[in-house]
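In what follows, a single structure is set out as structure tokens and then discussed.
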Amino acid sequence: MNLFDLQGKTALVTGAASGLGQGIALAFAEAGADVISVSLSSSEETVKGIQSFGRQAKEIAADLSQADQLERIFQESLELTGQIDILVNNAGIIRRTPAAQHSRQDWYDVIDINLHTVFLLSQLAGNHMISRGSGKIINIASMLSFQGGINVPGYTASKHGVAGLTKAFANEWADKGIQVNALAPGYMATDNTAPIRQDQERTQSITDRIPAGRWGTPDDLKGPAVFLASAASDYLNGHILCVDGGWMAR
């Protein structure tokens with residue numbers, strides 16, 4: 001089981017104040033890692049959770065839509081901890097509007113957070129990891145990295161892009177000791193899906209298609225995230241791991 005041990009590792013997780021990012025951050029702490037949470041809102045709850053496992057927790061408040069802040073965020077993370085072993089590009093937004101009415105601003109906002117930030121932070125972390133000869137980058141993809149979705153053209157495009165970036169970076173960095181992979185959550189009970197879950201008919205139609213018979217929770221990503229962050233996945237490169245209750249198999 002030492003393959004899954006994260007003792008001595010430091011992870012940087014974006015969007016860790018709540019939801020899936022919070023679940024991943026806590027899973028890393030439970031596996032032995034120290035964690036830096038980067039979020040627009042307060043990560044106090046996440047920090048306390050990390051510390052409850054006896055791990056060190058740092059919090060950086062930042063607007064990840066501002067590309068000129070990303071280098072500052074990464075450098076501040078290095079100053080706090082000295083090294084970054086694991087990067088999780090989790091922060092993301094979604095705008096739900098039919099394609100014909102999807103505004104340019106909604107398009108730009110989603111692409112900025114969901115795709116540009118993933119590229120730029122991965123580039124920063126990758127250069128640091130290349131110099132050390134090891135590292136793990138985990139992107140958060142989606143079922144919409146494979147499908148078209150409804151009323152979410154910007155989100156769909158961004159998540160297709162995340163899958164592509166995952167493979168592109170993996171191709172260049174696998175021989176440098178860096179594994180770049182992605183988790184593709186299925187339908188998860190988080191703030192992002194709250195508008196869907198308020199529609200009982202649609203919620204039931206989605207649940208009926210999930211072989212597991214339920215929506216996922218942040219806890220369902222804990223094991224897969226630790227796997228991709230640990231030595232257990234050292235020969236896994238450019239993979240999009242679906243954690244979807246069987247959605248893609250149906």
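The values are calculated or read from the model by the stated rules, or taken from the named source; none is laboratory data. In this text, all values refer to a predicted model and were calculated from it rather than measured experimentally. No Cβ is skipped: glycine too gets one built from the backbone with ideal geometry, and neighbour counts run over all protein chains shown. Ligands, DNA and RNA are excluded from the accessible area calculation, which covers all protein heavy atoms including side chains. Shrake-Rupley method; radii C 1.70, N 1.55, O 1.52, S 1.80 Å.
Rounded, prolate or oblate: which one fits the stretch 28-87, using the alpha carbon gyration tensor with axes a ≥ b ≥ c (rounded when a/c is under 1.5, else prolate when a/b beats b/c, else oblate)?
In terms of gyration-tensor shape, oblate.
If you fit an axis through the alpha-carbon atoms of helix 200-209 and take the longest principal axis of the Cα set of the chain, what angle between them do you get, 0 to 90°, nearest 10?
70 degrees
Round to the nearest 10 and give me the degree value, 0 to 90, for the angle of helix 153-173's Cα axis relative to the longest principal axis of the chain.
30 degrees
Using the reciprocal of the averaged 1/r over all distinct C-alpha pairs, how large is the Kirkwood radius of the stretch 1-102 in Å?
14.1 Å
Could you work out how far helix 19-30 tilts from the main Cα principal axis of the chain, as a 0 to 90 degree angle to the nearest 10?
Roughly 30 degrees, rounded to the nearest 10.
Return the equivalent ellipsoid semi-axes of the stretch 51-158 as a descending list in whole Å, where each equals the square root of 5 times an eigenvalue of the C-alpha gyration tensor.
The answer is 30, 14, 14 Å, longest axis first.
Over the chain, with every protein chain in place, what whole percent of the accessible area is carbon and sulfur at 1.4 Å, could you tell me?
For the chain, the apolar C and S fraction of the accessible surface comes to 50 percent.
Normalising by the residue count of the chain, find the relative contact order in percent from Cα pairs under 8 Å and 6+ residues apart.
Relative contact order here is 20 percent.
Return the distance in nm (one decimal) between the two label points of a simple spin-label model at L80 and D191, each offset 7 Å from Cα along Cα→Cβ.
Taking the simple label geometry, L80 and D191 are separated by 1.8 nm.
Could you provide, to the nearest whole Å², the per residue accessible area of the stretch 42-106 with probe 1.4 Å?
I get 55 Å² per residue for this part.
Using just the alpha carbons, could you tell me how many Å³ per residue the convex hull of the stretch 16-55 encloses?
46 Å³
Using the per-residue mean of other Cβ atoms lying within 10 Å as a proxy for protection, in what order, highest first, do the peptides 136-145, 79-88 fall?
Listed from highest to lowest mean packing, they are 136-145, 79-88.
Provide the descending list of Cα extents for the stretch 108-175 along its principal axes, expressed in whole angstroms.
Taking the Cα atoms of the stretch 108-175, the three principal extents are 43, 21, 14 Å.
For the stretch 207-250, just say rounded, prolate or oblate: build the C-alpha gyration tensor, square-root its eigenvalues into a ≥ b ≥ c, call rounded for a/c under 1.5, and beyond that prolate if a/b exceeds b/c, oblate if not.
oblate
Considering only the other residues whose Cβ falls under 13 Å of the Cβ of S134, what net charge follows from Lys and Arg at +1 and Asp and Glu at -1?
That works out to +1.
May I ask for the Kirkwood hydrodynamic radius of the chain, worked out over all distinct Cα pairs and given in angstroms to one decimal?
The Cα-based Kirkwood calculation yields 18.1 Å.
In the chain, how many lysine pairs have Cα atoms under 20 Å apart, counting only pairs 8 or more places apart or on different chains?
For the chain, qualifying lysine pairs total 15.
Which order do the peptides 109-120, 237-248 take when ranked by the mean count of other beta-carbon atoms within 10 Å per residue, highest first?
Put in order of decreasing packing, that is 109-120, 237-248.
For the pair T203/A62, report the inter-label distance in nm, with labels modelled 7 Å from Cα in the Cβ direction.
3.6 nm
Looking at the stretch 147-236, what % of the alpha carbon pairs are farther apart than 20 Å?
Roughly 51 percent, rounded to a whole number.
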